[in-house]
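Enquirer: This is the structure I want to talk about, given as structure tokens.
The values are calculated or read from the model by the stated rules, or taken from the named source; none is laboratory data. Being a predicted model, the structure only gives us computed values, none of them experimental. Here Cβ is always computed from backbone atoms with ideal geometry, including for glycine, and neighbour counts include all displayed protein chains. To get the accessible areas, we keep the full protein, side chains included, count just its heavy atoms, and leave off ligands, DNA and RNA. Shrake-Rupley method; radii C 1.70, N 1.55, O 1.52, S 1.80 Å.
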Amino acid sequence: MSNSNSMNTILIENQPITYTIRYQKNRKSIQLKLTSVNHLNITAPTHFPVEEIEKIIFKKTKWIITQISKLTTVASNPINKSISHNASILYLGTPHTLTFIIKENHRPAVHLEEDQILLELPPLPAADLDSLSYSLLKEWYIDSAINILTEKTTFWSAQIKVSPKRITIKEQKTRWGSCSSRGNVNYNWRIIMAPPEVVDYLVIHELCHLRILNHSDSFWREVEKYSPNYKEHRTWLRTNGRLLMTIL
């Protein structure tokens, strides 16, 4: 069981930040999530004092300011802003221009052509066109992710000498991939917006978990064998991850 209190405001480096608290009966710790440049969602154990929560917020000042900076950067980036004609969207790390082509009596389709993603659409009212273009483009991205991630997993499995039992492409908001003790590998389809070398890093990362199911020094040494610049790729994801999550 959980409940929420009213919205409160706190000053962080002279910047007003609103926050709401959601209490959870069995929760043991405090979780902070910045949902916009001036609002925090906080999940806390039932009856945890507000005064103590505010002390924790102040202790997290550096983290909050960093997250605000990241959100501000994403908000000012014109890429991955909308699904519309001439909008810019990432595919394999490169901005592509969305080009809508309206065709009578033609089956809707998506084509990749150099630095453009072409959406062939029927003449429809604006709202219907928005809905169709969104679903069509998302389906195309997921199909591309399935093809590319399957191909890369096959290649890197041979290099690392592992055999995943199952590959699943998932809709996730907080994780790029995972690997279970049963040998199942999962990928977030949105990674297909990242550069190819970052996609390779993710595949290598998850496949190395088939050898070492933790993030020990031994694990990272294993990753480095196949992705010598893995730290750069990991940093790219940390820096740009929010951007990949802003659309579709």
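Enquirer: Measuring from label point to label point, each 7 Å out along Cα→Cβ, what is the THR9 to ARG107 span in nm?
Expert: Distance between label points: 5.7 nm.
Enquirer: If you don't mind, another one. How much accessible surface does ILE247 have with a 1.4 Å probe, in Å² rounded to 10?
Expert: 10 Å²
Enquirer: Provide the solvent-accessible area of ARG166, counting protein heavy atoms only and rolling a 1.4 Å probe, rounded to the nearest 10 Å².
Expert: We get 140 Å² for ARG166.
Enquirer: Using a cut-off of 21 Å between alpha-carbon atoms, which lysines can reach LYS170, once sequence neighbours fewer than 8 places away in the same chain are excluded?
Expert: In chain and number order, the partners are LYS138, LYS152.
Enquirer: Quick one: order PHE58, PHE48, PHE219 from most to least accessible surface, probe 1.4 Å.
Expert: Result of the area sort, largest leading: PHE58, PHE48, PHE219.
Enquirer: Taking 1 over the mean of 1/r across every pair of different Cα atoms in the range 11-111, what Kirkwood radius in Å do you get? Display every interim value, and only then the final one.
Expert: On the way: mean 1/r = 0.0587 Å⁻¹.
After inverting the mean inverse Cα-Cα distance, the result is 17.0 Å.
Enquirer: Just to check I understand the Karplus step: with θ = phi - 60° and J = 6.51 cos²θ - 1.76 cosθ + 1.60, what whole-Hz values come out for the range 14-21, glycine and proline as x?
Expert: 6, 10, x, 10, 8, 8, 10, 10
Enquirer: For the range 174-248, with the dipole built from +1 on Lys and Arg beta-carbon atoms and -1 on Asp and Glu ones, taken about the Cα centre, which of SER227, ILE191, THR246 lies farthest toward the positive end?
Expert: THR246
Enquirer: Over the Cα atoms of the range 1-62, each weighted equally, I'd like the Debye log10 I(q)/I(0) at q = 0.18, 0.19, 0.25 Å⁻¹, rounded to two decimals.
Expert: After summing over all Cα pairs, the log10 values are -0.58, -0.65, -1.11.
Enquirer: In nm, to one decimal, how far is the ILE56 label point from the THR97 one, both placed 7 Å along Cα→Cβ?
Expert: Each label point lies 7 Å from its Cα, and together they span 4.9 nm.
Enquirer: Which value, in Å² and to the nearest 10, is the accessible area of HIS111 when all protein chains are kept and the probe is 1.4 Å?
Expert: Counting only protein heavy atoms, HIS111 exposes about 80 Å² to solvent.
Enquirer: Taking 0.36 nm per residue of sequence separation and subtracting the Cα-Cα distance, how much length would be gained by fully extending the chain between PHE155 and HIS215, in nm to one decimal?
Expert: Working: separation 60, 0.36 × 60 = 21.60 nm, distance 2.28 nm.
Stretched fully, the PHE155-HIS215 segment lengthens by 19.3 nm.
Enquirer: Can you give the direction-averaged projected area of the convex hull of the alpha-carbon atoms in the range 110-246, in nm²?
Expert: Values: hull surface 37.4 nm².
Average projection, Cα convex hull of the range 110-246: 9.4 nm².
Enquirer: 7 Å from Cα along Cα→Cβ at both ASN26 and GLU114: what's the point-to-point distance in nm?
Expert: 5.7 nm
Enquirer: Let me ask something else about it. Per-residue HN-Hα couplings for the range 150-161, Karplus 6.51 cos²θ - 1.76 cosθ + 1.60 at θ = phi - 60°, whole Hz, x for Gly and Pro?
Expert: In residue order, the calculated couplings are 5, 4, 5, 5, 4, 5, 6, 4, 5, 5, 7, 6 Hz.
Enquirer: Regarding the chain, what are the three Cα extents along the principal axes, ordered largest first, in Å?
Expert: Here the spans come out as 61, 52, 34 Å, largest first.
Enquirer: Taking the Cα centre of the chain as origin and charging only Cβ (+1 Lys, Arg; -1 Asp, Glu), how large is the dipole, in debye to the nearest 20? Write down the numbers at each step before the final one.
Expert: Numbers: 30 positive and 22 negative charges, 262 e Å.
The calculated dipole for the chain is roughly 1260 debye.
Enquirer: First obtain the Kirkwood hydrodynamic radius of the range 32-86 from its Cα pairs, then insert it into the Stokes-Einstein equation at 25 °C and 0.890 mPa s, and state the resulting D in µm² per second as a whole number.
Expert: Numbers: Rh = 13.3 Å.
My calculation gives 184 µm²/s for D.
Enquirer: For the range 207-219, just list the computed ³J(HN,Hα) in residue order, Karplus coefficients 6.51, -1.76 and 1.60, θ = phi - 60°, integers in Hz, with x standing in for Gly and Pro.
Expert: For the range 207-219, the Karplus-derived couplings read 5, 5, 5, 5, 9, 9, 8, 7, 10, 6, 4, 5, 4 Hz, x marking Gly and Pro.
Enquirer: Please enumerate, by chain and number, the aspartates and glutamates with C-alpha under 18 Å from the C-alpha of LYS165, excluding those fewer than 8 residues away in the same chain.
Expert: Result set, ordered by chain and number: GLU151, GLU206.
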